[in-house]
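In what follows, a structure is listed as structure tokens, so that the remarks can point back to it.
Each reported figure results from applying straightforward, stated rules to the coordinates on display, with no laboratory input. This one's a predicted model, so the numbers in the text were calculated from it and none came from an experiment. Backbone-built Cβ (ideal geometry, glycine too); neighbour counts: all protein chains shown.
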């Protein structure tokens, strides 16, 4: 008996609810997950400095950060669990057909997450019960586990964009090579881009909280030190992220040209394609954009005369929604360069005066950089996911062919909106209470 | 033993770990909710101390089992998830509320907030294992056919075997937690606390034992295939569960708490393995065997290698965590 045969595609009137629920769960989890990947490194830097001549302020910082990490990690772990349920609840045909192709990275991710969860328990509870050096070392598996789990879970998404490692004949998968699926062509750029984004979200996010503290208490050593460590991590990685982002766009030009065409609102294939900055693509044309002649051809192929594939090369039914993809990309790039400028501002000030910029404007910009990094990361995911539409597995399976036959999906979706609202409110409340309860150093005499 | 059998064996070992460790964490939530006024604070403090360092790691067994099933037996995962999507959604919500409720309570000092987060933690610690048990009952009684949401969206989890599975799951979690916590309470040196958990362990053990006896009638009437398996190949495991269950009560009565931990774990583990043996070689009772549902050989081999490498990394780490968590309260 061929089990795939019984998984027929269905007409799902509430496809929108399945998509919205998946988008909500992913978008929520991914923010917290970023802190699980990047934040442990900050905690370890603070603890290392506190043990090696950094002094009391680093000790206070390390304990404070570890406490916040503990809360965020718990929320991240439970909000990630629902995603593994939703893969089957919402997309059983995807899983029935391709589970054995894209499953392996998830299984290995599970192992990596195990290591992370175990050692975060050891790290948080072993603080006063393990010798200092041993304790510091127990933090390393948390960092490695976090990065590894991000790497493996993003390879699964990369596979959705560049599905390889199988043969499909009449809807039946054969010749499966799961290692080839993990090492699909999109893996290097996508995983690097996401892991850097996670570190940037952690760095700028934590820095923003300390910038907030500095605005209220400019002399606070705790906030100043915390800000400098966290902001530096984000700022150092920003130029690297821009280089990787450029590589990602070049990758799209040859491997997912329609996604790039949607990003740029390029309706017609053309040589010497212009780069559109800003602008609103509607009704098959780009309006109000600042266009740099030959810019897109140059960026995508390093050749001002290169042919860039336009949306006209595929039927209308195979095109992604151009407007949101284009706008999300513009937002991501704009914030990326804004963060680069902010980092340069600090570097300039440090080079001139060995101090961070004193102006109120810098502090306000640094506060905005935290949410900004989150928005840029979410916008990047919108580009990746919406740019792949209408395919769930690029050019292999459409989203509507992957969905469950179950009825009543909107009920689940609306229920989850309530759950996520409550979870958000609870997380914010507890973070605020926790920080308020921890002693904040006063201004030095 | 085929590769698929080996993977299923490891998955079941993972699920057993989830039942023994994650299950005890759920049970702790049950006792937290019902701690009452008189000894409430002491009981809740012990629970918070005991499961605080380990609950996240204990929870990963479930995620692990799910991703292994969808990799090795994708059609089974898809069939179960799409038919049983209502209880699965409730389990997912229960997991979110329970984990965050516990972590939030641990992080705040305000008594009013602590009480509210504690309520969320306790209630979702009962709801979640109930629906997990109901899902198990739906699968074990053969109510999940292969296909895209092909089973009854309500009847697949609202039926005699599922209700039995749900109630038994809540009871077994409570029993395990009470036995473990009795042993943990001894380290606090608080004799009244030890007696409080000993009483709870005895009461919940007797209740679950009686429930399991009555359950035989339910399974006989509602799930004849499962009943046949339980009384044939799985009979030794059923007997083992009964014997170790009774032994746990005797050991609790004689205050041999460390040994009672072992027998209680065996009693619960034997239930899970009894179910597995009773259903073998079917994954979806009556329609899909392990061999029919197994993914391609290349995936199974890669998965098995990954699991073995993972075990080498995970198991010693887990032991280190438990040793540290026990030592911290010494």
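Quick notes on this structure:
- With Cα atoms defining each centre, the stretch B:133-165 and the stretch A:234-259 are spaced 47 Å apart in the structure.
- The protection proxy used here, the mean number of other Cβ atoms lying within 10 Å of each residue, ranks peptides B:146-152, A:210-216 as follows, highest first: B:146-152, A:210-216.
- Most mobile of B:319, B:60, B:68 in a GNM of chain B (Cα contacts under 10 Å): B:319
- Reciprocal of mean inverse Cα separation for the stretch B:205-301 (Kirkwood radius, Å): 15.0 Å
- Counting Cβ atoms of other protein chains within 10 Å of each Cβ in B:296-307 and taking the mean gives 6.
- Nearest-0.05 FRET efficiency for residue A:422 and residue A:347, computed from C-beta distance (R0 41 Å): 0.50
- The stretch A:338-434: proportion of alpha-carbon pairs further apart than 17 angstrom, %: 74 percent
- Nearest-ten-degree value, helix A:187-216 long axis tilted from longest Cα axis of chain A: 40 degrees
- The ratio of the alpha-carbon radius of gyration of the stretch B:1-132 to the globular-protein estimate 2.2 N^0.38 Å is 1.19.
- Ordered by the count of other Cβ atoms within 10 Å of each Cβ, fewest first, B:173, A:34 give A:34, B:173.
- For peptide B:159-168, the mean count of partner chain Cβ atoms within 10 Å of a residue's Cβ comes to 0.
- Overall Cα dimensions of the stretch A:41-173, principal axis frame, Å, largest first: 66, 25, 22
- Angle between chain A longest axis and helix A:56-90 axis [Cα atoms, degrees, rounded to 10]: 20 degrees
- Label point distance in nm, residue B:190-residue B:256, each placed 7 Å from Cα along Cα→Cβ: 2.8 nm
- The ranking of B:18, B:180 from fewest to most other beta carbons within 10 Å of each one's beta carbon is B:18, B:180.
- Ranked by how many other beta carbons lie within 10 Å on average, peptides A:135-141, B:83-89, A:300-306, A:398-404 from highest: B:83-89, A:398-404, A:135-141, A:300-306
- The stretch B:67-119 - Rg (one decimal) and Dmax (whole number), Cα, Å: 16.6, 48
- The distance separating the Cα centre of the stretch B:173-228 from that of the stretch B:244-289 comes to 11 Å.
- Here B:175, A:362 are placed in order of increasing Cβ neighbour count within 10 Å, fewest first, which gives A:362, B:175.
- Kirkwood Rh (inverse of mean 1/r, distinct Cα pairs), the protein assembly as shown, angstrom: 27.6 Å
- Per residue of peptide A:407-419, the mean number of Cβ atoms on other chains within 10 Å of the residue Cβ is 2.
- For peptides B:294-304, B:48-58, sequence by mean Cβ density within 10 Å, most packed first: B:48-58, B:294-304
- Cα centroid separation, the stretch A:129-153 to the stretch A:33-53 (Å): 10 Å
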